[in-house]
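The values are calculated or read from the model by the stated rules, or taken from the named source; none is laboratory data. Note that the structure is a prediction, hence the values are computed from the model and not measured. All Cβ positions, glycine included, derive from the backbone under ideal geometry; neighbour counts span all protein chains shown. Accessible surface areas use protein heavy atoms only, side chains included; no ligands, DNA or RNA. Shrake-Rupley method; radii C 1.70, N 1.55, O 1.52, S 1.80 Å.
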Amino acid sequence: MNFKNMKPYSKIALITAGLLLATSCEVNDPFADKMELGQVLPTTSWELSSTVCKAGEEAGFLAKYYTTSDVAQIDHSEVWGMITGAEVAAATQKLISSPAYTMTINKNDTVRGYHMLRSYPHSMAQKVGTEFHLNASFPTSSTLSPINWNSPADWDQEKFDMYYPADFQANFCEKMVNYLTADSTYLSGLRQVYINYPFTKEQIDAVNAKYPSLTPIPFSDSEETGKTKGDLWFSPDTKVIDHYYYTTLSGEVTVEHEIAKKEDAPSNIDPSKVYPVYKAPHWIFCRYSDNTGGAVTSVRAEYMPLWKELVQAVPFTAWIYDATNKVYNVAFSRTYTIRPKFRVIDTNGKVGTDTESKSIELN
């Protein structure tokens with residue numbers, strides 16, 4: 001064989017043997033035909049009419065092929081295809097302004113391994129010069145239409161369960177709880193949860209009952225008390241000193257000691273190291289910090305477990321509900337792609353395949 005005179009897309013067994021493709025176990029690999037080294041195979045190339053196609057419609061193509069074999073002729077050609085799927089499932093919290101959080105799950109898999117989509121007798125091709133041209137199409141399945149579920153106005157738990165992983169809701173809620181209660185980084189977010197979510201009196205009473213040594217977190221109903229939860233969790237007033245504190249070291253741990261008046265500090269404490277604690281809700285510790293030169297605000301450590309339990313009562317749907325647009329902030333999509341291959345088979349059963357990767361997105 002004269003390799004110098006072969007067209008760039010010619011194939012021999014040595015090259016084709018390297019094109020084994022992994023497919024699902026349900027279908028044999030169509031590109032793993034056993035061939036002898038140096039064997040002459042049909043030569044082919046093809047182009048798709050479009051890289052997108054409506055599911056259920058025909059996908060067009062133009063194929064060109066020929067053979068230089070002296071002992072075989074072209075018998076027929078085939079289009080094979082592998083179906084892959086891609087899913088994106090996301091949800092974004094909208095209950096509070098901070099932290100901004102979106103959980104996204106991506107899934108890509110093989111829906112069906114390579115299988116024959118259609119066979120074409122050689123008689124369908126037209127001879128053009130030294131090549132044969134086949135202008136034809138192959139089928140797609142209407143069951144592979146894309147699916148989109150975005151920002152529904154009404155919650156559909158059955159649909160959510162069908163599209164999203166079983167642990168998605170629990171993981172999402174756990175992430176939000178950890179953000180808000182691991183420390184006081186998102187203190188303003190924790191306050192917003194208390195204000196924005198309609199906790200029942202029973203929920204707040206139940207959590208308070210678990211921590212009898214703490215002053216209870218208040219429940220507010222404007223009709224009942226005349227105060228909103230925003231009034232109860234008011235912003236600390238750094239113009240009003242409520243009491244004072246000083247610090248000591250226990251090993252490498254800084255311990256804060258709160259006192260009513262400056263003069264209540266032990267005699268061994270430098271008076272300049274006694275700092276003000278500002279007026280704030282009883283579960284908030286707002287104090288002057290010599291390290292920052294200003295006020296530092298945090299949830300008191302003994303209260304954080306209580307707040308964690310309360311925030312755990314917020315359901316997934318409340319986290320993702322966008323009250324401004326009156327929708328649930330979820331976004332799910334599933335799309336399918338056909339990855340087709342064109343094969344030419346001669347009368348001796350030898351197969352030539354185009355090596356260029358192609359894909360068609362179904363819409």
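Side notes on the structure shown:
- Modelled spin labels at A86 and L187, positioned 7 Å past Cα toward Cβ, are 4.4 nm from each other.
- If R0 is taken as 22 Å, the Cβ-Cβ distance between Q73 and H115 corresponds to a FRET efficiency of 0.25.
- For the pair D322 and V52, label points projected 7 Å from Cα toward Cβ lie 2.3 nm apart.
- For the range 151-248: rounded, prolate or oblate by the Cα gyration tensor [a/c cutoff 1.5]: prolate
- Within the chain, longest stretch clear of exposed GluC sites (Glu not before Pro) (DSSP loop, no more than 14 other Cβ within 10 Å): 58-251
- Convex hull (Cα only) mean projected area of the chain, reported in nm² to one decimal: 30.8 nm²
- Entries of K107/K308; K279/K326; K107/K201; K175/K326; K227/K279; K175/K262 with Cα pairs more than 30 Å apart: K107/K308; K279/K326; K107/K201; K175/K262
- Estimated from helical segments only, the mean residue ellipticity of the chain at 222 nm is -4500 deg cm²/dmol, where each DSSP H run of four or more residues counts as -39500 (n - 2.57).
- For the chain, the per residue solvent-accessible surface stands at 54 Å², with DNA, RNA and ligands left out and a 1.4 Å probe.
- Simple Cβ-charge dipole of the chain, Lys/Arg +1 and Asp/Glu -1, about Cα centre, in debye nearest 20: 900 debye
- Cα-projected label distance for E356 with S267, points at 7 Å along beta-carbon direction, nm: 9.4 nm
- Calculated FRET efficiency, Q203 to E252, Cβ-Cβ distance, R0 = 45 Å: about 0.70 to the nearest 0.05.
- Fully extending the segment from T228 to S98, taken as 0.36 nm per residue of separation minus the present Cα-Cα distance, adds 44.7 nm.
- Surface composition of the chain: carbon and sulfur atoms hold 49% of the protein heavy-atom accessible area at a 1.4 Å probe.
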